[in-house]
Amino acid sequence: MTSKSVIRETTPGDIAQVLALYPQAFPEEELRPVVSTLLKEGPEVLSLAAFDGNALVAHVLFTICGTEEWDRTGALLAPLGVIPLLQRRGLGSSLVRAGLERLERRGIKQVFVLGDPAYYQRFGFSPERQVLAPYPIPEEWVDAWRSMTLAAGEPLAAGRLLLPEPWMEPALWGP
Ligand SMILES: CC(C)(COP(=O)(O)OP(=O)(O)OC[C@H]1O[C@@H](n2cnc3c(N)ncnc32)[C@H](O)[C@@H]1OP(=O)(O)O)[C@@H](O)C(=O)NCCC(=O)NCCS
């Protein structure tokens, strides 16, 4: 975390800066459509960003989800991005931790991620076998599908994770 950064939930006025961040953090992936739709069209999300003054320098999105229609006590962490100049200074970790705290206060029980095991294990994410991703995870990524149970929570019922429509795109779940 840089000394100047402040973390807060994003507002509609921040969307342009959020969308400008992702091509910098992920030059080879196109995440703007899914992020834009989730931020503009109202599925329940938690969108947090770190700002240096007015400049958005890091962002994380959590999408509320569950394995059964009526149970919306899970969240998917994706994506997470930090501008290249400020990577490896704790911004990503601070955003993840701030998000987990807020989700816990909202009654979320379990958080899922498809991401680098070496990075996400530091927060307590471990390999997930009971709850399946919306699409089969390629064999070489199987260890990257992870979850953690928040302090107050029980794990969700086993099954396939039910996510809002913007996530129902196989390309978002494979190489
Ligand atoms: C990955 C990313 C979100 C991490 O955020 P960050 O603010 O740069 O990283 P932090 O300062 O929180 O954490 C730094 C630690 O994570 C490690 N780390 C950083 N990026 C990593 C990665 N892609 N894989 C594994 N470890 C990573 C660093 O080695 C460092 O470890 P250390 O504390 O043991 O020295 C950020 O670097 C980024 O946006 N990268 C490009 C996009 C990307 O790959 N996102 C993946 C998330 S789905």
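The values are calculated or read from the model by the stated rules, or taken from the named source; none is laboratory data. Since this is a predicted model, take the numbers as computed values, not measurements. Cβ coordinates were reconstructed from backbone atoms using ideal geometry, including for glycine residues, and neighbour counts include every protein chain displayed. Note: areas computed on protein heavy atoms with side chains; ligands, DNA, RNA excluded. Shrake-Rupley method; radii C 1.70, N 1.55, O 1.52, S 1.80 Å.
Only helices reaching 20 angstrom along their own axis (Cα) with mean Kyte-Doolittle hydropathy no lower than 0.5 count here, and not one DSSP H run of the chain does.
Taking GluC sites (Glu not before Pro) across region 123-175, none is in a DSSP loop with at most 12 further Cβ atoms lying within 10 angstrom of its Cβ. Mean residue ellipticity at 222 nm, helices only, the chain: -6500 deg cm²/dmol; runs of at least 4 DSSP H residues each add -39,500 (n - 2.57), and the sum is divided by the number of residues. Restricting the GluC sites (Glu not before Pro) of region 38-89 to loop positions (DSSP other than H, G, I, E, B) with no more than 15 neighbouring Cβ atoms within 10 Å leaves E44, E69. A straight chain from R88 to D52 at 0.36 nm per residue would run longer than the Cα-Cα distance by 11.4 nm.
Neighbours of L172 by Cβ distance under 13 Å: Lys/Arg scored +1, Asp/Glu scored -1, total -3. Distances between placed amide hydrogens fall under 5 Å for L150 paired with Q110, V111, all partners being 5 or more residues away or on another chain.
The accessible surface of the chain, taken with every protein chain in place and a 1.4 Å probe, is 52 percent carbon and sulfur.
Distance between the C-alpha centers of region 1-55 and region 124-175? Whole Å please. With region 1-55 and region 124-175 each reduced to a Cα centre, they are spaced 22 Å. Per residue, region 42-129 exposes 42 Å² of accessible surface when a 1.4 Å probe is rolled over the protein heavy atoms with every protein chain present.
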